[in-house]
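Report on the following structure.
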Amino acid sequence: MSPTSRHRPDRPGRFTATLQAFAVLLLLATVLPGQAQAQSADTAPPGREDVTADDVAAALSDLEEPMYTPFIELYLLEESKALRKEMQNTRAELIEKVVDKELSVADKTMSYATDTVTYFFYLIAGATSILVVIGWNSIRDMRNQLTSLAEKRVNELVVEYEKRLEAIEEQLKQKSDIIHQNQAEIERTNEVHSLWLKASQETSQQNKIAAYDQILDLRPDDVEALSYKADAVLEIQEPLWAISLCQRALKLAPDNGHAHYQLACAYAEIGRWEDSIATLQKAIDISEAYRDDASVDLSFEHLREHESFRTLVFTDQDDSTDA
């Protein structure tokens, strides 16, 4: 509160008393003129509409009290002026209090902001002190260490991804090699198929042998080509060559029936009867169709009277003879 308002009297009580006095004065001011008009109306001659100066003078002379009092009017003016000043003072006092409150709030806000900044500074100083105590000399050292750690991690990631890329490239290379090999194998298969077709259409044994040689150049381990070449070699009376080819085929596929049959034919051509019959037995064990082939094959011409051969090949005829 300001110094001027400390010793100021109680304004609400005085204000109430003033209002009461003002109300009484207004009542008097209203009643007195009404009484004067009533008296003038009573004194006015009946039946006359125009009032002369003499009538007014007579009415004034008959008045018992004056129509207005200067003291009351002055009092009212003074009280109105006092009320106006009182309201202005009250307004100024309220404005002063509001300004004081605003200044107080601003002061507290500034104090709070100052304290907050100070505490934050203390916190930063404490954190920096802790960092210095545990071994980091400054924020610059921290930044350098973080930079080095980041570079190290990035280098590790780069190395790891390079290894992954190399592995992917190796896999792609392997798959590409496999694709090329498959393409080459497909081309080789097509060429071999055409050579087989060519060999089947040839009538000359030499041309067949040449076709089989081309197949063996493409596929050195082709057992079928070896066995069929042995058959063609037997046709040109080269049993020893046929034996070599059949033995080579049987090393690759011991259960190949055609190779066993051609080897039996070659043994029969050179007179190795027991070896021929034993090898023919293996071929017939693999497929019964070789029994019929052996019964009409010219390579076994000298074995037809051999008891073991007849027992092996002509089983039906032996059964009918026994019957």
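The values are calculated or read from the model by the stated rules, or taken from the named source; none is laboratory data. Keep in mind that this is a model prediction, so the values were computed, not measured. Quick reminder, even Gly has a Cβ in these numbers, built from the backbone with ideal geometry, and neighbours come from all protein chains shown. Note: accessible area is taken over every heavy atom of the protein model, side chains too, but ligands, DNA and RNA are not part of it. Shrake-Rupley method; radii C 1.70, N 1.55, O 1.52, S 1.80 Å.
Need one word for region 91-240: rounded, prolate or oblate. Basis is the Cα gyration tensor (sqrt eigenvalues a ≥ b ≥ c); a/c below 1.5 gives rounded, then a/b vs b/c decides.
Since a/c reaches 1.5 and a/b is larger than b/c, the shape of region 91-240 is classed as prolate.
Would you mind getting me the FRET efficiency between K173 and E235? Use the beta-carbon distance for r and R0 = 51 Å, nearest 0.05.
According to the calculation, E is roughly 0.60.
Which value, in debye to the nearest 20, gives the size of the charge dipole of region 92-204 about its Cα centre, when Lys and Arg are +1 and Asp and Glu are -1 at the Cβ?
It comes to approximately 200 debye.
Write down the accessible area per residue of region 259-316 in Å², having rolled a 1.4 Å probe over the full set of protein chains.
51
At 0.36 nm per residue, and after removing the present C-alpha to C-alpha distance, how many nm does the segment from K101 to Q247 gain when stretched out fully?
That pair, K101 and Q247, stretches by 40.5 nm at full extension.
Tell me the label-point distance for the pair I270, Q145, using the 7 Å Cα-to-Cβ offset, in nm and rounded to one decimal.
In this crude spin-label approximation the distance works out to 8.9 nm.
With every protein chain left in place and a probe of 1.4 Å, what is the accessible surface of K173, to the nearest 10 Å²?
120
Starting from the Cα of A58, step 7 Å along the direction of its Cβ; do the same at T109; then give the gap between the two resulting points in nm.
Taking the simple label geometry, A58 and T109 are separated by 8.1 nm.
Ignoring everything but the protein chains, give the 1.4 Å probe accessible area of H180 in square angstrom, nearest 10.
Here the accessible area works out near 110 Å².
Measuring from label point to label point, each 7 Å out along Cα→Cβ, what is the Q183 to A92 span in nm?
A separation of 10.8 nm, rounded to one decimal place.
Ranked from the most accessible area to the least, with a 1.4 Å probe and all protein chains present, what is the order of Y161, Y290, Y119, Y228?
Values: Y161 125, Y290 40, Y119 150, Y228 85 Å².
Reading off the accessible areas and sorting them downward yields Y119, Y161, Y228, Y290.
Would you tell me the accessible area of E235, worked out with a 1.4 angstrom probe on the heavy atoms of the protein chains, in Å² to the nearest 10?
About 110 Å², rounded to the nearest 10.
Let's test the formula: R0 of 41 Å, r as the Cβ-Cβ distance of R219 and E166. What FRET efficiency results, to the nearest 0.05? Spell out each step's value before the answer.
Values: r = 35 Å, r/R0 = 0.86.
The calculated FRET efficiency here is 0.70.
Could you calculate the contour length gain from F121 to I72, that is, 0.36 nm times the residue separation minus the distance between their Cα atoms, to one decimal place in nm?
Full-extension gain reported as 10.4 nm.
Can you sort Y267, Y112 by solvent-accessible area, 1.4 Å probe, largest first?
Largest accessible area first, the list is Y112, Y267.
Please list T116, T203 in order of solvent-accessible area, largest first, computed with a 1.4 Å probe with all protein chains present.
So, going from the largest accessible area down, we get T203, T116.
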